[in-house]
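Read the structure below first, then the notes.
The values are calculated or read from the model by the stated rules, or taken from the named source; none is laboratory data. All values derive from a computational prediction rather than experimental measurement. Methodologically, a virtual Cβ is constructed for each residue, glycine included, from the backbone with ideal geometry; neighbour enumeration extends over all protein chains shown.
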Amino acid sequence: MRYRFDRQSLTRGLTVWGPRLGLVAALLTTCGVLALLRPHFLSLANLTNVVRQVSINGLLAVGVTWVLLTGGVDLSLGSVVALSGVVAAHLAHPGMYPLWVPITAGIAAGTACGGINGLFVARGGVPPFIATLGMMTAARGLALVLSGGRPVSNMSPTLTRLAGDWLHVPVPALILGGVALAAGWTLRNTRPGRYLFAVGGNEQAARAAGIPVRGIKGLAYTVCGALAGLAGVVLAARITTGQPNAGAGYELDAIAAVVIGGTSLSGGVGSVGGTLLGVLLMGVIGNGLDLLNVSSYYQQIVKGAIIVGAVWFDRRQRGARVK
């Protein structure tokens, strides 16, 4: 059977898979360099630690992917993580309630915050930056009020097991894997998923085509809030307390990972698979800097440079698509 060279198909394939292959190459190169500098990097214990560490950011990043696909942004993630962790911890004292109660309550708290964000953005016409900035402050304040400004401790071992291992695999990683599969399948194979791309690609055209733009935006922020709530529960299980000051800066890490993974800040372009690659790359870099004994102060500088570089690259990619 003979195959004919199709330049258009090749161009389309490079457009779709080129950035993702570049991410894989960057991830493998980074791992190779770190393995040469610190052979311990490739040990099973360290790789397991990397996977465990990136799981929280991964859950947030999957949710942010939905929001960024609509052309929006969510700056409240870190505060929602703290609030959800405090809510879950309050209901997770030994012998108090079954396991599903604190988990459901924590996710519900995040879902409520996301729903309010979506309501203001989609129905109220408030810019996403302003709406989620307000939620960032309000959710943090509510977490402090509920906890009295102190960590909520004495959590049940049944909840803290969410941060443990199952068959030598970190439970947070299994949770992230299940969420990522569900979110990716939904984006690719369902009508709401396709509508997210349409709204982010051209909101006016989507509205003219009969797509419920407000509903789709509200859905994106609600899903993002729910995953932030889940991340808050997992984080509380990991640190064995509900910390009202937890999650500071998490939203920037998540947004950076999503943009590095190929999701456009302008909306309409992105994937959950790319987001996971971005999360892994950032996690490997952070772990490598720790192994190299780089000061946390310098790590903040590196993280800032990565965020700016990711946004710059996104702008260049957007310009190339326009041309």
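Are there helices (runs of 4 or more DSSP H) fully within segment 86-169 with at least 3 residues that are at pLDDT 95 or above and surrounded by 15 or more Cβ atoms within 10 Å (Cβ to Cβ)? List them. I'd like the intermediate steps shown before the answer.
On the way: elements: 100-118, 128-147, 157-160.
Qualifying helices (runs of 4 or more DSSP H): 100-118, 128-147.
Name the one entry in Val51, Val80, Val64 that is aliphatic (A, V, I, L, M), under 17 Å from the mean Cα position of the chain (by Cα) and at pLDDT below 95. Result of the check over Val51, Val80, Val64: Val51. Within segment 256-268, is there a residue that is surrounded by fewer than 19 Cβ atoms within 10 Å (Cβ to Cβ), assigned to a helix (DSSP H, G or I) and either of a type in the set (Lys, Arg) or free of Cβ contacts under 8 Å to residues at least 60 places away in the same chain (or both)? There is no residue in segment 256-268 that is surrounded by fewer than 19 Cβ atoms within 10 Å (Cβ to Cβ), assigned to a helix (DSSP H, G or I) and either of a type in the set (Lys, Arg) or free of Cβ contacts under 8 Å to residues at least 60 places away in the same chain (or both). None of Ala173, Ala180, Ala226 is within 13 Å of Thr65 (Cβ to Cβ), small (Gly, Ala, Ser) and under 17 Å from the mean Cα position of the chain (by Cα) except Ala180.
Take the conditions of a type outside the set (D, E, K, R) and touching a Cys at 6+ places or on another chain (Cβ under 7 Å) and apply them to Gly225. Does it pass? The answer is yes for Gly225. Of everything listed in (1) surrounded by 18 or more Cβ atoms within 10 Å (Cβ to Cβ); (2) over 21 Å from Leu75 (Cβ atoms); (3) not small (Gly, Ala, Ser), the single unmet condition for Thr222 is (2).
Criterion first (surrounded by fewer than 20 Cβ atoms within 10 Å (Cβ to Cβ) and either without any contact (Cβ under 8 Å) to a residue 60 or more places away in the chain or over 17 Å from Ile260 (Cα atoms) (or both)) does Val81 satisfy it?
Details: surrounded by fewer than 20 Cβ atoms within 10 Å (Cβ to Cβ): no; either without any contact (Cβ under 8 Å) to a residue 60 or more places away in the chain or over 17 Å from Ile260 (Cα atoms) (or both): yes.
So Val81 does not fit the description; no.
Every test in (1) of a type in the set (Gly, Ala, Ser); (2) in contact (Cβ under 8 Å) with a residue 12 or more places away in the chain; (3) out of contact with any helix residue (DSSP H, G or I) (no Cβ under 6 Å at 6 or more places or on another chain) is passed by Ala143 save one, and that test is (3). Selection of first residues in segment 276-297 that are farther than 20 Å from Ala45 by Cα and of second residues that are among the hydrophobic types (A, V, I, L, M, F, W, C) and buried (at least 22 other Cβ atoms within 10 Å of the Cβ), restricted to Cβ pairs under 6 Å at least 6 apart or on distinct chains, gives the following pairs, ordered by first then second residue: Gly278/Ala257; Gly278/Ile260. Do we find that Thr111 is among the hydroxyl-bearing types (Ser, Thr, Tyr), without any contact (Cβ under 8 Å) to a residue 60 or more places away in the chain and farther than 22 Å from Leu277 by Cβ in this structure? Considered against the rule, which asks whether it is among the hydroxyl-bearing types (Ser, Thr, Tyr), without any contact (Cβ under 8 Å) to a residue 60 or more places away in the chain and farther than 22 Å from Leu277 by Cβ, Thr111 comes out as no.
Please work out if Ala305 is modelled with pLDDT under 75, in a helix (DSSP H, G or I), among the hydrophobic types (A, V, I, L, M, F, W, C) and surrounded by fewer than 14 Cβ atoms within 10 Å (Cβ to Cβ). Step through it out loud before you land on a result.
Values: modelled with pLDDT under 75: no; in a helix (DSSP H, G or I): yes; among the hydrophobic types (A, V, I, L, M, F, W, C): yes; surrounded by fewer than 14 Cβ atoms within 10 Å (Cβ to Cβ): yes.
The answer is no for Ala305.
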